[in-house]
Amino acid sequence: MSDQKIKKVLDWYQNEVLRDSFELESQKQKFIDNIKKTPKEKVFEEYKPKKYTLWQRIKKVLMNI
């Protein structure tokens, strides 16, 4: 390839890398903003174990479910 073509390809590649980095940063910021908008109660919900009946527990133990 000629020097001009190589230079053109390198310029194109650098522009693409730069554009991708800007796009990535903007998506990161959107994600961060989205997380900030989410209430803490929704993120850190208390774990409430499901109550099983006696027969459901027996079935769970015997069937390895």
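Readers should treat all values here as calculations from the given coordinates under stated rules, not as data from a laboratory. Everything numeric in this text was worked out from a predicted model, so none of it was measured. Note: ideal-geometry Cβ built from the backbone for every residue, glycine included; neighbour counts use all protein chains shown.
Looking at the chain, identify the longest residue range that excludes and avoids all chymotrypsin sites (Phe, Trp or Tyr not before Pro) in DSSP loops having at most 13 other Cβ atoms within 10 Å. Walk me through the intermediate numbers first.
Working: sites that count: Phe44, Tyr47, Tyr52.
Longest gap between qualifying sites, sites excluded: 1-43.
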So what's the angle, to the nearest 10 degrees on a 0 to 90 scale, between helix 54-63 and the longest Cα principal axis of the chain? 60
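Loop-only check: which GluC sites (Glu not before Pro) in the chain are DSSP coil with at most 11 other Cβ within 10 angstrom? Numbers along the way, then the final one.
Values: sites: Glu16, Glu23, Glu25, Glu41, Glu45, Glu46; in loops: Glu45, Glu46.
Hits after loop and neighbour filter: Glu45, Glu46.
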Gyration tensor over alpha-carbon atoms, the chain, equivalent ellipsoid semi-axes in Å: 56, 22, 4
Using only Cα atoms, find the angle between the long axis of helix 3-37 and the longest principal axis of the chain, and express it within 0 to 90 degrees, rounded to the nearest 10. 30
Report the trypsin sites (Lys or Arg not before Pro) located in the chain that are in a DSSP loop and have at most 16 other Cβ atoms inside 10 Å of their Cβ, or state none. Lys50, Lys51
